[in-house]
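Each remark here refers to the structure printed beneath this line.
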Amino acid sequence: MTVAVQKIRMGFVGGGEGAFIGQAHRQAAGLDGCYELVCGAFSREPENNRSTGNALGLPASRCYSEWQQMLAAEQALPAEQRMQLLVIVTPNHLHAPIATQALQAGFHVFSEKPAALNLAEVQALADVVKNSSGLYGLAHTYLGYPMVWQARDMVRNGVIGALRKVIVEYPQGWLSQDVAGQGNKQADWRSRPELSGLGGCIGDIGTHAFSLAEFIADQPIEQLCANLGIHVPGRQLDDDAAMLFKMASGASGVLIASQVCAGEENPLKIRLYGDKGGLEWRQEEPASLIHRSLDQPLRVLRSGVGQPWLCDAALQRMRLPAGHPEGYLEAMANLYRDFAKAIRQGTEAVGVPGIEVGVRGMAFIEAVIANHRGEAKWTTLANHP
């Protein structure tokens, strides 16, 4: 007789009614049936917290008014009842404090990015992760897309030859006006350094472009030359960023991130060129990977279960036959599925961005800001333990 695998008991901090990212996480976590939501501290607003828990079918006793209360109460429950994984979907300033206490209390953690407010804070968190028995995952969702893994595999295997150029761009338009001043809570906390950190646009979406470039190119960015801008009067943090960069192999690159490109939605895009050809992937059309060659016609690789020309890492992250769209939720679900496997097996969470990605991303933010504010043409992006 086959014994049913127990679902991993999951709790949330943040993600109350009206918060897009919390609902996205719950939907993604539920896609493969690996998790069961058992508790939460969803909002500092009592009515929002209560109504969110009620809508999700949770008993009032496990809807907590504060995250500290939740950690203590869950830790006191019998092992077979208590939360095993804590998901953090709060504003940035709470990511590291909550993750630190959760790991020290014996819980696994899956956190929205960035991992912390600054480099010193994320390095301290990295020490906690290292000394903890819990696993730590970071929601760099775009690294869960199958065709991103396909692109990385093709670069690794020399399909486009020696890498020469990387161009990555992430333009959005939702902050083209002062929507924070109009009462948009998501825009408000992102515009406040004490809640968001030193970077605005560069921290919010620039880090996605940065991590995507390093992941597919399979090498680090070593130097950068950056310019940050603020286009909406009264805004404290950057809403526009552009930079040149140099990679470890000598490849050169361009990174653009902006949240004031009026009319744009979410067109994250990357192009990589070697001495034999190039690759192009667009988040808004994630099932397609364009392959260009010097001496062959352009071809478009399409995602889909069983496609023989795709690598194993890509196929493992596909769920449907070709022509059936898979998108953002499926990409995030891939991270949750890999994380669940690691929790059950007690192994490293292979395929899930971890604290090292968090440290790398924060080092990137601080290098960009330092270069923008300083007089040096190039700033070295050092590797940090």
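Listed values for the range 284-291 are Karplus-derived 3J(HN,Hα) couplings in whole Hz (6.51 cos²θ - 1.76 cosθ + 1.60, θ = phi - 60°), namely 6, 10, x, 7, 10, 10, 7, 10, and x replaces Gly and Pro. Summarising the label geometry, the points placed 7 Å from Cα in the beta-carbon direction at Ala72 and Gln236 lie 3.0 nm from one another.
A 1.4 Å probe run over the protein chains yields, for the chain, 44 Å² of accessible area per residue, whole-number rounding. With a Förster radius of 25 Å applied to the C-beta separation of Ala124 and Arg44, the computed FRET efficiency comes to 0.50. Here Lys269 sits with roughly 50 square angstrom of accessible surface, probe radius 1.4 Å.
Placing a label point 7 Å from the Cα of Ala105 along the Cα-to-Cβ direction, the residues of the range 35-74 whose backbone N falls under 11 Å of that point are 40-41, 64-74. Is the shape of the range 89-216 rounded, prolate or oblate, going by the alpha carbon gyration tensor and its root eigenvalues a ≥ b ≥ c, with a/c under 1.5 for rounded and a/b larger than b/c for prolate? Oblate shape, in that a/c is at least 1.5 and b/c is the bigger or equal ratio. In order along the range 154-164, phi translates into HN-Hα couplings of 5, 5, 4, 8, x, 4, 9, x, 5, 5, 10 Hz, rounded to whole numbers, per the Karplus curve 6.51 cos²θ - 1.76 cosθ + 1.60 with θ = phi - 60° and x for Gly and Pro. Here the calculated FRET efficiency for Glu194 and Ala262, from their Cβ-Cβ distance with R0 = 30 Å, stands at 0.60, rounded to the nearest 0.05.
Working from Cα positions, state the angle (0 to 90°, nearest 10) between the long axis of helix 328-345 and the longest principal axis of the chain. Helix 328-345 sits at roughly 60 degrees to that axis. Residue separation of Asp218 and Ala55 scaled by 0.36 nm, minus their Cα-Cα distance, works out to 54.4 nm of gained length. A straight chain from Thr380 to Gln345 at 0.36 nm per residue would run longer than the Cα-Cα distance by 8.7 nm. The angle separating the long axis of helix 95-104 from the principal Cα axis of greatest extent in the chain is about 60 degrees.
Beta bridges from DSSP with both residues in the chain: antiparallel share about 60 percent, rounded to the nearest 5.
Phi-derived couplings, Karplus 6.51 cos²θ - 1.76 cosθ + 1.60 at θ = phi - 60°, listed residue by residue for the range 137-143: x, 10, 7, 7, 4, 5, 7 Hz, with x used for Gly and Pro.
The values are calculated or read from the model by the stated rules, or taken from the named source; none is laboratory data. Predicted model only: the values in this text are computed from it and were never measured. Neighbour counts are summed over all protein chains in view; Cβ atoms, including those assigned to glycine, are modelled from backbone coordinates with ideal geometry. With ligands, DNA and RNA removed, areas are computed over all heavy atoms of the protein, side chains included. Shrake-Rupley method; radii C 1.70, N 1.55, O 1.52, S 1.80 Å.
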